[in-house]
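Here is the structure we will look at, set down as structure tokens.
The values are calculated or read from the model by the stated rules, or taken from the named source; none is laboratory data. These figures come from a predicted structure and were not determined experimentally. Every residue, glycine among them, receives a Cβ derived from its backbone with ideal geometry; neighbour counts consider all protein chains shown. Just the protein is used for accessible areas: all its heavy atoms, side chains included, with ligands, DNA and RNA removed. Shrake-Rupley method; radii C 1.70, N 1.55, O 1.52, S 1.80 Å.
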Amino acid sequence: MNMMKENEGALLLVDDEELILDIVANLLEDKVNKIYKAKNGEEGLELIKKHSDIVCTVCDIRMPIMDGIEMIKHVRKLGNEMPFIFYTGHGNEDLMLEVVKYGAFDFINKPGLEDLEEIFLSGMVMGEKIYNLPDDQKENSALEFNRLLEKLGKN
Amino acid sequence: MSSEKAAPAILICNPDSKTSSEISKCLKENNYSTVQVHNGIEAQIKMSKQKFHTVILDMDTQKHTAFEVIRYIKFNSPSSRIIFTYENQKLMDELNSDNDFAFKLGIHFVMKRPLDFKALLNNIESNNLAQSWKNVKKIADVVNETEKSIQDEEFTRIAINQYAHSELAIFDLYLRIGQNRYLKILYKGCSFDNNKIEEYQKKKVEFLYFKTKDRGIYINFVNNLIEKYLDQGKINKRELLNLNKGLVEKYVEEIFFKGLNPELYEEGKKLAENLYRTIKASKSLGRYLDQFEEEEKNGTSYIFVTSIFAGAITHQLEWAGPVAHKYVIEGSLLHDIGKIKLSEDVRYTKLESMTPEQFKEYKEHPLWGMQMLAESSFISEQVRQITYQHHEWVNGEGFPNGLFGLRIFPLAKIVSLAGDFSEFIHEKKVSPLVAIKEFIADRETIFRYDSSCIKSLITSFIY
């Protein structure tokens, strides 16, 4: 991946296990401008409402008070389509079927947390892009496709 | 090709060092390499750094118990076989009171101590079938070709120009001369006679046949061969893609006929890695993409072409790194697995010819595929979601959930485009380069897909 730049946006971590919050924050703190932490979906939702610099969320599914599914539902109702990265674990298959209806950007497999860095960076890049989408993106895309096809024709 | 004999690595986890040394000695005398650890933490640390063919794990393991080690293996190294040893019969009887202790935990063999070393070796060997090609012994060359009456169901075939071989025939090879009639042209262990194969090619023979029971061996062999060629950087890219194509076909067949198990999934991961490396190494991939034509309508060729295009698209996307590549190709290989459950008339009917009832059934296959993959803990969530969402379109008109744009799993969008484009090429019966222009010209079509994916697809043809 060739985009390892510093992002302007912030990351939100949501997990009822404080140890996981600390471990993940520790792993990612050098790669992001700011990290917010929440212990459940309700806290996470409040942070999103309060801080417009949050562009990506890493979230557990099963949490007390408000779980990951409820949290993403509420965020989407706010009109916010930021990337959500969910922790997965064995036994969550039915929950996964539900949560993807609200747009899960990617998944991190607990307990290994492998691939965390790359997945998180992709999420941050996508999150920042979402806020910069032009209104007339369809027309712009069609023009760009035609330009590329012309280039193809010359090969 | 000379086959290198890499000793399979065995991890021995036993708190008693005398016992573990005895096991290690026996295994080393039989050409295995061993690592000994004496607690569960050490076992997990070793497994995080090295892949083991088999883990011999004792019930008395402490500092992370044997069950915690088993859980680690299930999540992180699902293709490693587990041989569970114990001494306390009373405790084992309690654990196994419903007679499916081993099955529930995914343990392959349970053995009481003191171990019968002959039985131990047999248990380890029985896991090693796919790699048996490494131990094929040279026999005197057999010149005569023998006619055999064998049921067609026992065979699989491969295009003669895609068949990969070693210096020795790693299994018997045949030609089909009629229904349930075969000509054995090469014997396992004989020198591989290239001249004979070339002669058959000149006579317009299209396919070579071998037994389906040897398909797993072939998959493992070709995966290793492709990896070796990539490491050496010597083979020409077209030949490499050809080898990959033949391999993908056999891999998909094996899944459809035998089902997906951890070992086969590991082969798939290796295949995906090889495809990724092939795509990455092909600076002028566009040239090869242009010359790919689907030779026949079978599901396996479509899977290969989809995987190549999916890999090519991912390669061009700025946000996609090696992890995304890995999942995209793995997902491409498995995304249509749910079609196994379609009734025959639906599976073989073209989409545009389907009745409403048939289409309703067809729309279930992504969910079925997801459910099939969810049964296996070794399959990643990313691959499951690619399978579940590969028919979602960004305009919200896809299925099964009618998701739109940003809500669709990004890697699924890649496979969606790659799969539909592969189908389009086949329908139009033109080269990919001709097809891409027509595909993009249809505005209704292109707004089904993510614009950055389309740009990447077009760009992958530019060289």
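Brief remarks follow.
- Of the residues B:Ala435, B:Thr459, B:Ala418, the one whose Cα sits farthest towards the positive end of the charge dipole of segment B:414-463 is B:Thr459 (charges of +1 on Lys and Arg Cβ, -1 on Asp and Glu Cβ, taken about the Cα centre).
- Taking the charge dipole of chain B about its Cα centre, with +1 at Lys and Arg Cβ atoms and -1 at Asp and Glu Cβ atoms, the residue from B:Ser376, B:Gly338, B:Thr355 reaching farthest to the positive side is B:Ser376.
- Antiparallel %, DSSP beta bridges [both residues in the protein assembly as shown], to 5: 35
- Accessible area per residue in Å² at 1.4 Å probe, computed on segment B:283-461: 37
- Built from the Cα atoms of segment B:9-127, the convex hull projects on average onto 6.6 nm², one quarter of its surface area.
- Magnitude of the charge dipole, segment B:283-461, Cβ model with Lys/Arg +1 and Asp/Glu -1, debye to 20: 440
- Peptide B:447-454 is shielded by partner chain Cβ atoms: per residue, an average of 2 of them sit within 10 Å of its Cβ.
- Along each principal axis, Cα extent of segment B:387-454, largest first, Å: 33, 22, 18
- With a 10 Å cut-off around each Cβ of B:405-413, the average count of Cβ atoms from other chains is 5.
- Judged by the mean number of other Cβ atoms found within 10 Å, the most tightly packed of the peptides B:50-62, B:343-355, B:322-334, B:205-217 leads the ranking B:322-334, B:50-62, B:205-217, B:343-355.
- With contacts taken as Cα pairs under 8 Å at a separation of at least 6 residues, segment B:283-461 carries a relative contact order of 30 percent.
- Whole-percent carbon and sulfur share, accessible surface of the protein assembly as shown, 1.4 Å: 48
- Between the helical axis of B:432-441 and the longest alpha-carbon principal axis of chain B there is an angle of about 60 degrees.
- On association of chains B and A, roughly 3900 Å² of accessible area becomes buried (total for both chains; probe 1.4 Å).
- Cβ-placed point charges (K, R +1; D, E -1), dipole of segment B:9-127 about Cα centre in debye, nearest 20: 440
- Formal net charge of residues neighbouring B:Ile303 (Cβ-Cβ distance under 9 Å; K, R +1; D, E -1): -2
- When chain B is reduced to its Cα atoms, the Kirkwood hydrodynamic radius in Å: 24.3
- Taking all Cα pairs closer than 8 Å and separated by 6 or more residues, the relative contact order of segment B:354-427 comes to 23 percent.
- Shape of the protein assembly as shown, Cα gyration tensor, a/c cut at 1.5: oblate
- Cα gyration tensor shape for segment B:283-461, rounded if a/c is under 1.5, else prolate or oblate: rounded
- Packing-based order for A:40-50, A:115-125, B:305-315, using average beta carbon neighbours within 10 Å, highest first: B:305-315, A:115-125, A:40-50
- Cβ crowding within 10 Å averaged over residues, with B:192-200, B:32-40, B:247-255 ranked highest first: B:247-255, B:32-40, B:192-200
- Student exercise, the protein assembly as shown dipole from Lys, Arg, Asp, Glu Cβ charges, in Debye to nearest 20: 1900
- In chain B, helices alone account for a calculated mean residue ellipticity at 222 nm of -15500 deg cm²/dmol, with every DSSP H run of four or more residues adding -39,500 (n - 2.57).
- Counting only protein heavy atoms and using a 1.4 Å probe, the accessible area of B:Arg157 comes to about 100 Å².
- Averaged over B:382-388, number of beta-carbon atoms from partner chains that fall within 10 Å: 3
- Ranked from largest to smallest solvent-accessible area, with a 1.4 Å probe on the protein heavy atoms, A:Asp22, B:Asp450 come out as A:Asp22, B:Asp450.
- Of all DSSP beta bridges in chain B, antiparallel share, percent nearest 5: 50
- Surface calculation, 1.4 Å probe, protein heavy atoms: B:Trp368 sits at approximately 60 Å² accessible.
- A DSSP coil position with no more than 14 other Cβ atoms inside 10 Å describes none of the GluC sites (Glu not before Pro) in segment B:15-44.
- With contacts taken as Cα pairs under 8 Å and at least 6 residues apart, chain B reaches a relative contact order of 11 percent.
- Rolled with a 1.4 Å probe across the full set of protein chains, the surface gives B:Lys455 an accessible area near 60 Å².
- Heavy-atom accessible area order for B:Phe109, A:Phe86, largest first, 1.4 Å probe: B:Phe109, A:Phe86
- Degrees between helix B:322-334 axis and first principal axis of chain B (Cα, 0 to 90, nearest 10): 80
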